[in-house]
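S.K.: The structure that follows is given in the form of structure tokens.
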Amino acid sequence: MRLPILQYGNPILRAKGKRIEKPDNHIRELAANMIETMHAANGVGLAAQQIGEPLQLTVLDISAVEDRPSTMRLNGKQVDARTAMPLILLNPELTLGNKASMGTEGCLSFPEITGEIERSESVVARAETLEGESIEIEATGLLARALQHEVDHLNGILFIDRISSAAKASLASRLKRMQKEAQRSRGKDPRSLVGHSAL
């Protein structure tokens, strides 16, 4: 089932996600719906906050992106990042690599807004699966960037928090408009605004 994606201005996007102690049927159904929602919006990642659930849960799928390659090791074994998708990660924690670079990011909660963000080029993610197993993912490329973007979401951090002050200033009027729109919509349904963009 496709879910509405919250847009910037909704306070749930700023909420730190609650740790998931034991995946149940609600979490499994939520994850399946998040994957369907992400694919329908042409995204490569979606955090639970973006669909109104402040939980430590994110889904990712970079398989449709051909011009931004990724590498992936799963529990120490090299795998094809594209065929390993989609990923469902519970309670993820990241260790960032030392080398960073700039890259363009968008966000499903910020339709038609992109920004240049500095991110680590490699990450190690430790997380749990829906089966309750611990996994470790070593990633580079787009997958590393998407993991950082989504784990930020799980901690209430938005990609506009990481763009330069000059870029943020140039977006100020659009962001203010989005906040006002979100405030108006909360009077009706807090999940009523649906976004379309990249991450």
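What follows draws every value from the coordinates through simple rules; no lab data is involved. What you are looking at is a predicted structure, and each value in this text was computed from that prediction instead of being measured. Virtual Cβ from ideal backbone geometry, glycine too; neighbours counted across all protein chains shown.
S.K.: Please give the FRET efficiency for residue 1 paired with residue 181, using the beta carbon to beta carbon distance and R0 = 25 Å, rounded to the nearest 0.05.
M.R.: Computed FRET efficiency for residue 1 and residue 181 comes out at 0.55.
S.K.: Pick from 156, 76, 141 the residue whose mean-square fluctuation is largest in a GNM of the chain, springs joining Cα atoms under 10 Å.
M.R.: Evaluated over the chain, the most mobile residue of the options is 76.
S.K.: Now for a separate question. Starting from the Cα of residue 77, draw a straight line to each of the lysines and keep only those under 29 Å, dropping any in the same chain fewer than 8 residues away.
M.R.: Within the straight-line limit of under 29 Å, residue 77 reaches these lysines: 22, 99.
S.K.: Sum up the charges of everything whose Cβ sits under 15 Å from the Cβ of residue 35, counting Lys and Arg as +1 and Asp and Glu as -1, but leave residue 35 out.
M.R.: Value of the local net charge: -3.
S.K.: Let me ask another. Could you give the C-alpha radius of gyration of the chain expressed as a fraction of 2.2 N^0.38 Å, taking N as the number of residues it contains?
M.R.: Cα-based Rg divided by the globular estimate yields 0.97.
S.K.: What Kirkwood hydrodynamic radius do you get for segment 2-47 when you take the inverse of the mean 1/r over all pairs of distinct Cα atoms, in Å?
M.R.: After inverting the mean inverse Cα-Cα distance, the result is 12.0 Å.
S.K.: Still on this model: Residue 176: which aspartates and glutamates have alpha carbons under 18 Å from its alpha carbon, excluding same-chain residues fewer than 8 sequence positions away?
M.R.: Cα-Cα hits under 18 Å: 112, 161.
S.K.: A further question follows. Can you give the FRET efficiency for residue 18 and residue 66, using 1/(1 + (r/R0)^6), R0 = 22 Å, r = Cβ-Cβ distance, to the nearest 0.05?
M.R.: 0.05
S.K.: For a quick check, take a GNM of the chain with Cα springs below 10 Å and name the residue from 179, 49, 148 with the largest mean-square fluctuation.
M.R.: Per the Cα network of the chain with a 10 Å cutoff, 179 tops the list.
S.K.: Rg (Å, one decimal) plus Dmax (Å, integer) for the alpha carbons of segment 6-103?
M.R.: 14.6, 41
S.K.: Taking amide hydrogens as modeled 1.01 Å from N in the peptide plane, which residues meet the under 5 Å criterion relative to residue 156, leaving out close sequence neighbours?
M.R.: 17
S.K.: Cut-off under 13 Å on the C-alpha distance; same-chain residues fewer than 8 positions from residue 180 excluded. Which aspartates and glutamates are left, in chain and number order?
M.R.: none
S.K.: Which FRET efficiency value, to the nearest 0.05, is calculated for residue 83 and residue 104 with the Förster distance at 30 angstrom and r the Cβ-Cβ distance?
M.R.: Efficiency, from the Cβ-Cβ distance: 0.75.
S.K.: Under a no-solvent Debye model with one identical scatterer per Cα of segment 91-152, what's log10 I(q)/I(0) at q = 0.24, 0.30 Å⁻¹?
M.R.: -0.97, -1.24
S.K.: Right, here's the next one. What residues have an amide H closer than 5 Å to that of residue 70, excluding those fewer than 5 places away on the same chain, when H is modeled at 1.01 Å from N in the peptide plane?
M.R.: Answer set, sorted by chain and number: 142.
S.K.: Can you list which of the DSSP-assigned H helices in the chain have a Cα extent of 24 Å or more along the long axis and an average Kyte-Doolittle score of at least 1.6?
M.R.: Sorted by number, there is nothing, because no helix extends far enough and scores high enough.
S.K.: Oh, and also: What residues qualify as long-range amide H neighbours of residue 113, i.e. H under 5 Å apart, gap of 5 or more or another chain, H built at 1.01 Å from N?
M.R.: 107
S.K.: Compute the separation of the alpha-carbon centres of segment 21-75 and segment 83-145 and state it in Å as a whole number.
M.R.: Here the two parts' Cα centres lie 11 Å apart.
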